[in-house]
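Student: Pasting a structure here, questions to come.
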Amino acid sequence: MDFQTAEGCCIEKGDLASAIYASSAIFPFLPPNHREGRWLFDGVYSAPIPILLAVRRNPDIIIVLDFLEKLQENPQGHMESMMHLSKLYAKTIIGYQMALSVDLQYSEIIWMKVKFDRYLSFWDHGTIPAILAAGQAAMEKIKPELTSLLGNGFQEE
């Protein structure tokens, strides 16, 4: 998302590390990244799941990756409260954008829901194994649908 205009954008060329940094820069915690004359940061404020950007490209299949975690029940302090509010906002906008995308496109949408049974702290790096396990479980749930859509072209590695 462009920091100056709030316009969503898709990074399609250039340095991969810089693109990953820009797409994960969560303001105000991580500063925006300067690319091609613009200050870019995570699009969570305009499109937590950038499905509308995908729809504009008219693909045959769109795979939506959504992280569904429990919200912290009683956020304490400024940082926890800010993260809580951001997650509530993102959850609301995802619902609206998913509904709109279904009306705007004719391709298959596979919604991969990565579910967590607990709150994941922004700062807790020890949760990475649990995140990977949840992602693997979510992939196993959509694998039959993917295999059916892709036919013989789908091969496991």
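The values are calculated or read from the model by the stated rules, or taken from the named source; none is laboratory data. Owing to the predicted nature of the structure, the values given are computational and were not obtained by experimental measurement. So basically every Cβ, Gly included, is an ideal-geometry build from the backbone, and we count neighbours across all protein chains shown. Quick note on the areas: whole protein, heavy atoms, side chains included, nothing else; ligands and nucleic acids left out. Shrake-Rupley method; radii C 1.70, N 1.55, O 1.52, S 1.80 Å.
Student: If I take R0 = 30 Å and measure r between the Cβ atoms of Ser46 and Thr147 in this structure, what FRET efficiency does the formula 1/(1 + (r/R0)^6) give, to the nearest 0.05?
Tutor: 0.35
Student: Run the accessible area of the chain with a 1.4 Å probe and give the carbon-and-sulfur part as a rounded percent.
Tutor: The C+S portion of the solvent-accessible surface of the chain is 58 percent.
Student: If the cut-off is 18 Å between C-alpha atoms, which lysines fall inside it for Lys113, apart from same-chain ones fewer than 8 positions away?
Tutor: Lys70, Lys87, Lys91, Lys141, Lys143
Student: Could you give the spread of the C-alpha atoms of the chain along their three principal axes, from largest to smallest, in whole angstroms?
Tutor: In descending order, the Cα extents are 50, 39, 31 Å.
Student: Find the Cα radius of gyration of the range 1-79, compare it with 2.2 N^0.38 Å by division, and give the number to two decimals.
Tutor: For the range 1-79, the normalised Cα radius of gyration comes out at 1.25.
Student: Using a 10 angstrom cutoff on alpha carbons, build the Gaussian network for the chain and name the most mobile of Asn74, Asn58, Asn33.
Tutor: Looking only at Asn74, Asn58, Asn33, the largest GNM fluctuation is found for Asn74.
Student: Could you size up the charge dipole of the chain around its Cα centre, putting +1 on the beta carbon of Lys and Arg and -1 on that of Asp and Glu, and report it in debye to the nearest 20?
Tutor: 200 debye
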